[in-house]
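See structure below.
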Amino acid sequence: MPLSPWTFHSAGSLVFGREAVTQLGDIARRLKAKRVFIITDRVLLDAGIVKRVEEPLTAAGCVVGIFDGCTPEPPVTVVRSATEAARAFKPDLLVGLGGGSNMDAAKLVAIVMAHGGDATDYVGDCRVPGPVFPLICVPTTAGTGSEVSAAAVFTDTEKKMKVSTLSQYLRPLIAVVDPMLTIGCPKKVTADSGIDALTHAIEAYTAVNQDEFMKRPPGGETVYQGKNPMADLMATECIRLVGLYLRRAVADGNDIEAREQMAWAATLGGLAFSNAGVALVHAMEYPVGGAVHVSHGAGNGLLLPYVMRYNMTVRDGDFMAVGRLMGETNADANAAIRVVEKLREDIGIPTRLRDIGVTKEMLPGFAEKAFSIKRLMRTNPQMPQSADEILTIYQEAW
Ligand SMILES: NC(=O)c1ccc[n+]([C@@H]2O[C@H](COP(=O)([O-])OP(=O)(O)OC[C@H]3O[C@@H](n4cnc5c(N)ncnc54)[C@H](O)[C@@H]3O)[C@@H](O)[C@H]2O)c1
Ligand SMILES: [Zn+2]
């Protein structure tokens, strides 16, 4: 428990449950929205998911516009096209509909609509100058927690790097989490996004606490605060639920109970990490994701056990708790890491960097890039002192 006061931030409201999207009409009325612009992708349009969001809005008298050009790990060029389309439509409310990629694209549109410039102008911490354009987020995957988080991640195509912007202003006005929208989510996306949720919760739960965090260099404004009791509650419940339900959701996409519990786990993970922080796994995934074609979740899932091993000496007790939450009775931190490895294997996440197109020569450059993401070095329980320390972990994962 940190000695200094802590704050907990979330989306303005959270609407959760089966068929929650049917409430969108009432929500739009309450917000006095007349023109609603949905930012989404072709896959979800063809799957009929966009229609399920659009119908309650049109029934409430809203005029609805749609941008269906989003693509995974959104390139900045897509954000630019979405912004142009949104501006032409002149909406009074934006809806980000999809996985983390579409929700993040919508968040970036909301920044640029309110403050001008380009998404790349806002990369980093606390660089959004004020409230963004009104935004509702509706997830169709169970993983990123973007619907409640303060982050938006995109691909800077010029720099070939995943980058993010973090700001309390980026928490959506309303998160509408309807597990029924995740039913048709493909196996691979279910596995990748599910293990991303686990990574969020484990990194948040084992992060430094706020007092340690404040003592670490460098200072400066950030939305991450280190661990606090509220984030711990959410992280531990997320870990428990992922342990119980992720395999089931991957094995049978129509298992509604598993889908519902995973949707809940992902939202909890998003609340935990977006207050406490994510750490070294995420820092190490960013350069990998920018260089080879791997989803954010699969990259994190691959790296997670290697980073847990690096952190083990300073988080022995916490890892034992993680193991117990995931059903491991042998109370030992190594056993907890093996439980995560077993889950990773069972759901088909790659286990070696060499298997996803990473060459040995790429590793020193990755280590430099990861080490330069200071806010994520700062939250990690064992703070890396050099890029070489990170290189050793990459080499083990290779
Ligand atoms: N903002 C945050 O807080 C945050 C946190 C973690 C990750 N992220 C980012 O989120 C992105 C990953 O998001 P993701 O894992 O949700 O995947 P995604 O949004 O990239 O989606 C992957 C694919 O799955 C399809 N899909 C999604 N839902 C579907 C459904 N219900 N039915 C059929 N197809 C469906 C999409 O159309 C897409 O083609 C990455 O860019 C990552 O960096 C953001
Ligand atoms: Zn993540």
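The values are calculated or read from the model by the stated rules, or taken from the named source; none is laboratory data. Fair warning: this is a prediction, and the values are worked out from it, not measured in the lab. Heads up, the Cβs are rebuilt from the backbone with ideal geometry, glycines too, and the neighbour counts pull from every protein chain shown. For accessibility, only protein heavy atoms count, side chains too; no ligands or nucleic acids. Shrake-Rupley method; radii C 1.70, N 1.55, O 1.52, S 1.80 Å.
Can you find, within region 65-114, the residue that is farthest from Ser193 (Cα to Cα) among those that are among the small types (Gly, Ala, Ser) and within 12 Å of ligand 1 (Cβ to nearest atom)?
Quick first cut of region 65-114, residues among the small types (Gly, Ala, Ser) only: 65, 69, 81-82, 85-86, 88, 96, 98-101, 105-106, 110, 114.
Narrowing the set further to residues that are within 12 Å of ligand 1 (Cβ to nearest atom) leaves 69, 96, 98-101, 105-106.
Details: Gly69: 21, Gly96: 17, Gly98: 12, Gly99: 9, Gly100: 9, Ser101: 11, Ala105: 17, Ala106: 19 Å.
If we take residues in region 65-114 being among the small types (Gly, Ala, Ser) and within 12 Å of ligand 1 (Cβ to nearest atom), then Gly69 is farthest from Ser193 (Cα to Cα).
Based on this model, can you work out whether Ala150 counts as away from ligand 2 (no atom under 16 Å from the Cβ), in contact (Cβ under 8 Å) with a residue 24 or more places away in the chain, of a type in the set (Gly, Ala, Ser) and crowded, with 24+ Cβ neighbours inside 10 Å? Reasoning before the result, please.
Values: away from ligand 2 (no atom under 16 Å from the Cβ): no; in contact (Cβ under 8 Å) with a residue 24 or more places away in the chain: yes; of a type in the set (Gly, Ala, Ser): yes; crowded, with 24+ Cβ neighbours inside 10 Å: yes.
Answer is no for this residue.
If you go through region 62-111, how many residues are acidic (Asp, Glu) and within 16 Å of ligand 2 (Cβ to nearest atom)? Give the steps one after another, and end with the answer.
We begin by selecting, within region 62-111, every residue acidic (Asp, Glu); these are 68, 73, 84, 92, 104.
Still in the running and within 16 Å of ligand 2 (Cβ to nearest atom): 73, 104.
Counting residues in region 62-111 that are acidic (Asp, Glu) and within 16 Å of ligand 2 (Cβ to nearest atom) gives 2.
Would you confirm whether or not region 276-299 contains a residue that is open to solvent by 50 Å² or more (accessible area, probe 1.4 Å), closer than 21 Å to Leu246 by Cα and in a helix (DSSP H, G or I)? Let's see the steps before the verdict.
First, the residues of region 276-299 that are open to solvent by 50 Å² or more (accessible area, probe 1.4 Å): 291, 293.
Filter once more, so that each one left must be closer than 21 Å to Leu246 by Cα: none.
Looking for residues that are open to solvent by 50 Å² or more (accessible area, probe 1.4 Å), closer than 21 Å to Leu246 by Cα and in a helix (DSSP H, G or I), one finds none in region 276-299, hence no.
What is the residue count in region 166-183 for residues that are over 25 Å from Ala119 (Cα atoms) and among the aliphatic types (A, V, I, L, M)? Talk me through it step by step, then tell me what you get.
Going through region 166-183, the residues over 25 Å from Ala119 (Cα atoms) turn out to be 177-183.
After this cut, where a residue has to be among the aliphatic types (A, V, I, L, M) as well, the list is 177, 180-181, 183.
Final tally of qualifying residues: 4.
With the requirement that a residue be of a type in the set (Val, Ile, Thr), open to solvent by less than 30 Å² (accessible area, probe 1.4 Å) and away from ligand 2 (no atom under 16 Å from the Cβ), what does region 194-240 give you? Spell out how you get there, then give the answer.
Of the residues in region 194-240, the ones of a type in the set (Val, Ile, Thr) are 195, 199, 202, 206, 208, 222-223, 236, 239.
Pick out the ones that are also open to solvent by less than 30 Å² (accessible area, probe 1.4 Å) and you get 195, 199, 202, 206, 208, 223, 239.
Result: Val208, single match.
Can you tell which of Ala197, Ala191, Ala151, Ala204 is closer than 26 Å to Met312 by Cβ and near ligand 1 (Cβ under 9 Å from one of its atoms)?
Being closer than 26 Å to Met312 by Cβ and near ligand 1 (Cβ under 9 Å from one of its atoms) holds for just one of Ala197, Ala191, Ala151, Ala204, which is Ala197.
State whether one or more residues within region 153-166 are open to solvent by less than 10 Å² (accessible area, probe 1.4 Å), more than 16 Å from ligand 2 (Cβ to nearest atom), over 19 Å from Gly301 (Cα atoms) and at pLDDT 95 or above.
Taking every residue of region 153-166 in turn, none turns out to be open to solvent by less than 10 Å² (accessible area, probe 1.4 Å), more than 16 Å from ligand 2 (Cβ to nearest atom), over 19 Å from Gly301 (Cα atoms) and at pLDDT 95 or above.
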